[in-house]
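K.L.:
Okay, here's the structure, questions in a sec.
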Amino acid sequence: DKDDFREAEKAAQRLAMSVGYRGAGTVEYLYKPETKGFYFLELNPRLQVEHPVTEGITGVNVPALQLQIGMGIPLERVPDIRRFYGLNAAETSKINFLDDKYLYPTSHVIAARVTAENPDDAFRPTSGKIERVRFQSSPSAWGYFSIGANGGIHEFADSQFGHIFASGPTREHARKALQLALKNISIVGEIRNPTEYLVELADTEEFRNNTIDTAWLDRLIAEKSVKMKFHAYDMIFYAACLRAHLTVKAQTAKILDGIKRGHLPLQNDLRLLQAIQVDLAHDSVKYNWQVSRTGRDSFALAIGQTTLEARIREQPDGSLYVKCGDSVAQVSGQEEPLGLRVRVDGQATITFPTIRDP
C-alpha cells in the first residue's frame with residue numbers, strides 16, 4: 001500500500017532527525033498486511049550491500065550521495081535528488097522532505113545474493129578454490145563478484161561473494177529477469193552455491209504472489225520442498241559418463257608417467273583403459289555400470305539389460321560434451337571427499353556419495 005509505505009518512510013526520516021544522524025542509512029521494519037502496521041526492527045547507519053536496489057528504483061547514486069553529504073552539500077542541491085523529486089537539477093529551491101512528494105518509482109528491482117553455501121545441507125557454508133566465475137550482464141540484470149579466476153573462499157570468510165540485481169517495469173518482469181540471470185551464471189570450483197536453488201525458490205507460488213513471511217524460507221528448508229528440476233536417471237547416466245572419462249584420463253596420465261620413467265605399462269593398466277566399472281549411489285539405490293571404451297571418445301555404458309552409446313569430448317575449460325542419440329549435454333564436475341559432484345547444462349547439480357563397502 002502506497003500510503004503505508006509513505007508513512008514508514010516518514011517515520012524513518014523522523015527517527016534519523018531525532019538523533020541528528022547525517023549520512024546514508026537504512027531503517028528496517030516488519031510489515032503486517034492484515035493490520036497495515038509496520039514495526040521498527042533496526043537502524044543501520046551505513047550503506048547496505050543491497051543499495052543498488054535503491055539506486056535502480058530511484059535513479060540516485062547512493063555512495064556518491066553519501067560522499068556529497070559528508071562534503072556538506074545540502075540534499076536539495078544534489079542533482080540526483082532534485083531529479084527524483086521532479087525538479088530542475090540546476091536550480092536550488094528548497095525541498096520539504098517530509099511533505100513534498102517525489103515522482104513515484106516506475107521500476108521494480110529484486111536482488112539475489114550469491115554465496116558459498118550448500119543448499120543440500122541446510123545452507124551450510126563451504127570453502128575451497130574457485131576456478132572461474134562466468135556471468136554476462138544484460139539491460140535487465142547485472143551483477144558483481146568479489147572474487148576472480150583461481151581465487152577461493154576460505155573457511156573464515158563471509159560466504160557471500162556475489163550479488164545479482166534484476167529490474168523490470170513490474171515485479172513479475174524483474175522476477176523473470178532474475179531467474180534468467182541466475183540460470184546464466186557458471187561457477188566452477190570446490191565450493192557449492194545456491195544459484196540453482198534460487199531459480200526454483202523464485203518460482204514458488206508464495207514468491208510469485210509476494211505473500212512470503214519471516215518463517216517462509218525456514219519452513220521450505222525444513223520441509224525440503226524446493227528441489228532442483230532434473231530427471232534422476234539422466235543425472236545418473238551423465239555421472240557414469242563423467243566418472244568413466246575421469247578414470248580413463250587418470251589412468252592414461254599414470255601410464256604416460258610410467259613410460260617417461262622407463263617403465264612399460266602392465267597388462268592390467270591397459271585393461272583399465274578399455275573396461276571400467278562405475279558404481280554410483282542415489283536415493284539409497286546402487287547403480288552398477290559396466291563401461292566399455294569403443295573408440296578414442298566413444299563409450300558403451302551397460303546397466304542391467306540396457307546399453308547406451310555415448311561420445312564424450314572434453315572442452316578446454318574441462319567440461320564435457322556428452323552426446324547420446326540425438327541429445328547433447330554439457331557435463332562438469334569433480335571427485336570430492338564426500339563423492340562425485342556433477343553439474344549438467346549449468347542447471348542441475350547433484351552429489352553422488354562415495355560408496356563405502358563394509
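K.L.:
List the strands (runs of 3 or more DSSP E) that sit entirely inside region 294-358 and contain at least 1 residues that are in contact with a Pro (Cβ under 8 Å, 6 or more places away or on another chain) and closer than 22 Å to Lys227 by Cα.
P.N.:
In region 294-358, 339-344 are the strands (runs of 3 or more DSSP E) which contain 1 or more residues that are in contact with a Pro (Cβ under 8 Å, 6 or more places away or on another chain) and closer than 22 Å to Lys227 by Cα.
K.L.:
Tell me which residues, restricted to region 10-40, are more than 28 Å from the chain's Cα centre (by Cα) and part of a strand (DSSP E or B).
P.N.:
Lys32, Gly37, Phe38, Tyr39, Phe40
K.L.:
Working only within region 120-139, note down all residues that are part of a loop (DSSP other than H, G, I, E, B), under 20 Å from Leu198 (Cα atoms) and either touching a strand residue (DSSP E or B) at 6+ places or on another chain (Cβ under 6 Å) or of a type outside the set (S, T, N, Q) (or both).
P.N.:
Ala122, Phe123, Thr126, Ser127, Phe135 - these are the residues of region 120-139 that are part of a loop (DSSP other than H, G, I, E, B), under 20 Å from Leu198 (Cα atoms) and either touching a strand residue (DSSP E or B) at 6+ places or on another chain (Cβ under 6 Å) or of a type outside the set (S, T, N, Q) (or both).
K.L.:
Still on this structure, I have one more. Quickly run through region 100-114 and pick out the residues that are over 33 Å from the mean Cα position of the chain (by Cα) and among the hydrophobic types (A, V, I, L, M, F, W, C).
P.N.:
Leu103
K.L.:
Can you tell me how many residues in region 235-273 are exposed (fewer than 12 other Cβ atoms within 10 Å of the Cβ) and of a type in the set (S, T, N, Q)?
P.N.:
So the answer is 2.
K.L.:
When Gly151 is evaluated against the numbered criteria (1) closer than 27 Å to Arg175 by Cβ; (2) without any contact (Cβ under 8 Å) to a residue 24 or more places away in the chain; (3) in contact with a strand residue (DSSP E or B) (Cβ under 6 Å, 6 or more places away or on another chain); (4) open to solvent by less than 70 Å² (accessible area, probe 1.4 Å), which criterion, by number, is the only one it fails?
P.N.:
Of everything listed in (1) closer than 27 Å to Arg175 by Cβ; (2) without any contact (Cβ under 8 Å) to a residue 24 or more places away in the chain; (3) in contact with a strand residue (DSSP E or B) (Cβ under 6 Å, 6 or more places away or on another chain); (4) open to solvent by less than 70 Å² (accessible area, probe 1.4 Å), Gly151 misses just condition (1).
K.L.:
Could you identify the single residue in Arg341, Arg293, Arg356 that is open to solvent by 50 Å² or more (accessible area, probe 1.4 Å) and under 19 Å from Lys249 (Cβ atoms)?
P.N.:
Arg293
K.L.:
On to the next question. Kindly provide the set of residues from region 143-177 that are assigned to a loop (DSSP other than H, G, I, E, B) and under 26 Å from Gly128 (Cβ atoms), ordered by number.
P.N.:
Ser146, Ile147, Gly148, Ala149, Asn150, His154, Glu155, Phe156, Ala157, Asp158, Ser159 - these are the residues of region 143-177 that are assigned to a loop (DSSP other than H, G, I, E, B) and under 26 Å from Gly128 (Cβ atoms).
K.L.:
I've got another one for you. Just give me the residues in region 327-339 being over 20 Å from Pro194 (Cβ atoms), in contact with a strand residue (DSSP E or B) (Cβ under 7 Å, 6 or more places away or on another chain) and touching a residue at least 40 places away in the same chain (Cβ under 8 Å), in sequence order.
P.N.:
Hits for region 327-339 are Ala329, Val331.
K.L.:
If you don't mind, another one. Are any of the residues in region 99-109 open to solvent by 50 Å² or more (accessible area, probe 1.4 Å), part of a loop (DSSP other than H, G, I, E, B) and of a type in the set (Lys, Arg)?
P.N.:
The answer is yes, given that some residue of region 99-109 is open to solvent by 50 Å² or more (accessible area, probe 1.4 Å), part of a loop (DSSP other than H, G, I, E, B) and of a type in the set (Lys, Arg).
K.L.:
May I pose another question? Could you list, in sequence order, the residues of region 111-139 that are hydroxyl-bearing (Ser, Thr, Tyr), closer than 30 Å to Gly59 by Cβ and surrounded by fewer than 18 Cβ atoms within 10 Å (Cβ to Cβ)?
P.N.:
Within region 111-139, Ser137, Ser138 meet the criteria.
The values are calculated or read from the model by the stated rules, or taken from the named source; none is laboratory data. These numbers come from a predicted model, not from an experiment. Neighbour counts run over all protein chains shown; Cβ positions are idealised from the backbone, glycine included. Areas reflect the complete protein model, heavy atoms only, side chains present, ligands, DNA and RNA absent. Shrake-Rupley method; radii C 1.70, N 1.55, O 1.52, S 1.80 Å.
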